[in-house]
Each structure stands twice: as structure tokens, then as C-alpha cells.
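Asker: There's a structure below that I have some questions on.
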Amino acid sequence: MQEIVQPPATTPLPAPVETTGPVGTNVVPTTAVVQTLPAEPIRKPLSDTEFLLAYNTSQAKILDLVITINTELIKDSVQGNISPDYTALGSYARRLGSSADEEIAGMLKFREISDQANESRKEYYINYLMRLKPFAANLETGSSLAQKRDFNLASRFFSNAKNDLTLVRAQEMPEHLKVISQVRENLGPFMDRIEQQGTYPVPA
């Protein structure tokens, strides 16, 4: 008749089940957010070091070709040289033209330059290379004609080359300016020699 044992056992069971569920779910999203943070700062650093290295290497390559062309002009202007070989001059002129194209393409690859002074250097240098191209083309054609002993027609192309050279701007590159000035100067006696051969052809 006094059986009051059942009620106290039913109340403690639901309470521990409700607290454990939410605690486990809160920990998972925080670890995923931490993993995405290091990816962004990698893009930010910009440096012109790569551009400056390519710029200096390119300048040295072009300067070397212009110096070689100048040396050939002096060699082919010598009065005592009865039958000068213009093949080498034409070959170096052709190489200068193709190298100018390659270096322009190389400079145009640098689209993100951080320093405005370096951006100006790039534009000036590309302009310099563009103006060297017609000079190289006329010099190459003139050399080919001179090698075939068509001196009268060759002299026209050499004259064009000299005019092209007056449009070349190299003031911001002192070494180039010095050699370009020498080439322009040496084209004078070189062209005189070409004209002499056209007027008084040497027997083959």
C-alpha cells in the first residue's frame, strides 16, 4: 500500500543530453576560418628587381651590336681596302633588327612596374628600340646591294639609314648616345667610299 519509489528516477535523465550537443558544434567553424587567412598576403609584394635586371641585360646586348656595327663601318671605310666585304655589316644589321624586336617584346611583358621612374625608363627604351629598327633594315639592305656591287642603289639605302639614325633618341642612356653619335659620324666616310666605288667601279 505505501509504494512511492518511482517518481524521483525520471527527472535527472533529460538534463545532461541537452548540454553536450551545442558545445561540440561551436568548435568546428573556427578552425576553417584560420586556414584561409595566410593565402592573401602572398600576392601583395611588388618589386622592380626583375624588370631592372632584364632592362640592363637588354641594354648591354643592343649596345654590343651597335658597337660591332660601328667597327664594321670603320673597317669598310678604309681607302686601301680594294674589295671590302659588306656581308658582316649586313649580318650585324639584321641581328640588330631582330634583337630590337625581341627586346621590345621582352620589355612589354613587364606590365606591373611599381616605380614611376622605372616605367618611364621602359617607355623610353622601347621608343629607342623602335627607332633603331628602320636604321637596321636600311643598313642591311644597303649592305646586301653593296656586296652585289650595286653601289649607286646601295648608297640610297645607306643615306636612309643615316637619316633614320638622326631620329634615334638615346640621351637618357649615355653609353648608347656616345656610340650612336660615333656611328652617325662614321657613316659619312663610309658613304663617301660607297659613292667612290659607284663612280669608279673596281674590276671584280
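Asker: Determine if the stretch 83-92 includes at least one residue that is over 19 Å from ARG193 (Cα atoms) and open to solvent by 50 Å² or more (accessible area, probe 1.4 Å). Full working, then the answer.
Answerer: From the stretch 83-92, those over 19 Å from ARG193 (Cα atoms) are 91-92; that's our starting set.
Subsequent filtering for residues that are open to solvent by 50 Å² or more (accessible area, probe 1.4 Å) retains 92.
For the stretch 83-92, residues over 19 Å from ARG193 (Cα atoms) and open to solvent by 50 Å² or more (accessible area, probe 1.4 Å): present.
Asker: Suppose we keep only residues that are touching a residue at least 12 places away in the same chain (Cβ under 8 Å) and outside any helix (DSSP H, G or I) within the stretch 98-116. Which one would you say is most open to solvent (accessible area, probe 1.4 Å)?
Answerer: Looking only at the stretch 98-116, we keep the residues that are touching a residue at least 12 places away in the same chain (Cβ under 8 Å), and these are 99-101, 103-104, 106-108, 110, 112-115.
Filter once more, keeping what is outside any helix (DSSP H, G or I): 110, 112-115.
Numbers: PHE110: 42, GLU112: 137, ILE113: 27, SER114: 76, ASP115: 72 Å².
By that ranking, first place goes to GLU112.
Asker: Please work out which one of (1) in contact with a helix residue (DSSP H, G or I) (Cβ under 9 Å, 6 or more places away or on another chain); (2) farther than 16 Å from PHE190 by Cβ is the condition SER77 fails and give its number.
Answerer: Condition not satisfied by SER77: (2).
Asker: Residue under question is ARG149, and the condition is that it be out of contact with any Lys or Arg (no Cβ under 6 Å at 6 or more places or on another chain), at pLDDT below 95, open to solvent by 60 Å² or more (accessible area, probe 1.4 Å) and at positive phi; does it hold?
Answerer: So ARG149 fits the description; yes.
Asker: Sticking with this structure for a sec: For ILE180, which of the numbered conditions (1) farther than 26 Å from ARG131 by Cβ; (2) at pLDDT 95 or above fails to hold?
Answerer: (1)
Asker: Answer yes if at least one residue in the stretch 117-133 is over 18 Å from LEU65 (Cα atoms), open to solvent by 30 Å² or more (accessible area, probe 1.4 Å) and either in a loop (DSSP other than H, G, I, E, B) or among the small types (Gly, Ala, Ser) (or both), and no otherwise.
Answerer: Within the stretch 117-133, the first condition is being over 18 Å from LEU65 (Cα atoms), and the residues that meet it are 117-124.
Adding the requirement that they be open to solvent by 30 Å² or more (accessible area, probe 1.4 Å) leaves 117, 119-121, 123-124.
Of the ones still in play, those that are also either in a loop (DSSP other than H, G, I, E, B) or among the small types (Gly, Ala, Ser) (or both) are 117, 120.
Yes, because at least one residue in the stretch 117-133 is over 18 Å from LEU65 (Cα atoms), open to solvent by 30 Å² or more (accessible area, probe 1.4 Å) and either in a loop (DSSP other than H, G, I, E, B) or among the small types (Gly, Ala, Ser) (or both).
Asker: PRO38 fails exactly one of the following numbered conditions: (1) out of contact with any Pro (no Cβ under 7 Å at 6 or more places or on another chain); (2) assigned to a helix (DSSP H, G or I); (3) at pLDDT 75 or above. What is the number of that condition?
Answerer: (3) is the only condition that PRO38 fails.
Asker: Could you list, in sequence order, the residues of the stretch 140-153 that are under 32 Å from the mean Cα position of the chain (by Cα) and among the hydrophobic types (A, V, I, L, M, F, W, C)?
Answerer: The first filter runs over the stretch 140-153 and keeps only residues under 32 Å from the mean Cα position of the chain (by Cα), leaving 140-145.
If the condition is that a residue be under 32 Å from the mean Cα position of the chain (by Cα) and among the hydrophobic types (A, V, I, L, M, F, W, C), then LEU145 is the only one that fits.
Matching residues to (1) open to solvent by less than 60 Å² (accessible area, probe 1.4 Å); (2) part of a helix (DSSP H, G or I); (3) not β-branched (Val, Ile, Thr):
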| site | (1), (2), (3) |
| --- | --- |
| VAL168 | yes, no, no |
| GLN182 | no, yes, yes |
| ASN186 | yes, yes, yes |
| MET191 | yes, yes, yes |
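Asker: Taking only the stretch 162-187 into account, find how many residues are in contact with a helix residue (DSSP H, G or I) (Cβ under 8 Å, 6 or more places away or on another chain) and free of Cβ contacts under 8 Å to residues at least 60 places away in the same chain.
Answerer: As a first pass, look at the stretch 162-187 and keep what is in contact with a helix residue (DSSP H, G or I) (Cβ under 8 Å, 6 or more places away or on another chain): 162, 164-173, 175-176, 179-180, 182-184, 186-187.
Add one more test, that the residue is free of Cβ contacts under 8 Å to residues at least 60 places away in the same chain, and what stays is 162, 164-172, 184.
Residues in the stretch 162-187 being in contact with a helix residue (DSSP H, G or I) (Cβ under 8 Å, 6 or more places away or on another chain) and free of Cβ contacts under 8 Å to residues at least 60 places away in the same chain: 11 in total.
Asker: Quick one: how many residues across the stretch 152-166 are surrounded by fewer than 19 Cβ atoms within 10 Å (Cβ to Cβ) and hydrophobic (A, V, I, L, M, F, W, C)?
Answerer: Residues that pass the stated criteria total 1.
The values are calculated or read from the model by the stated rules, or taken from the named source; none is laboratory data. Values in this document were obtained by computation on a predicted structure and should not be read as measured data. Counting neighbours? That spans all protein chains shown, and the Cβs are built from the backbone with ideal geometry, glycine included. SASA here: full protein model, heavy atoms, side chains in, ligands and nucleic acids out. Shrake-Rupley method; radii C 1.70, N 1.55, O 1.52, S 1.80 Å.
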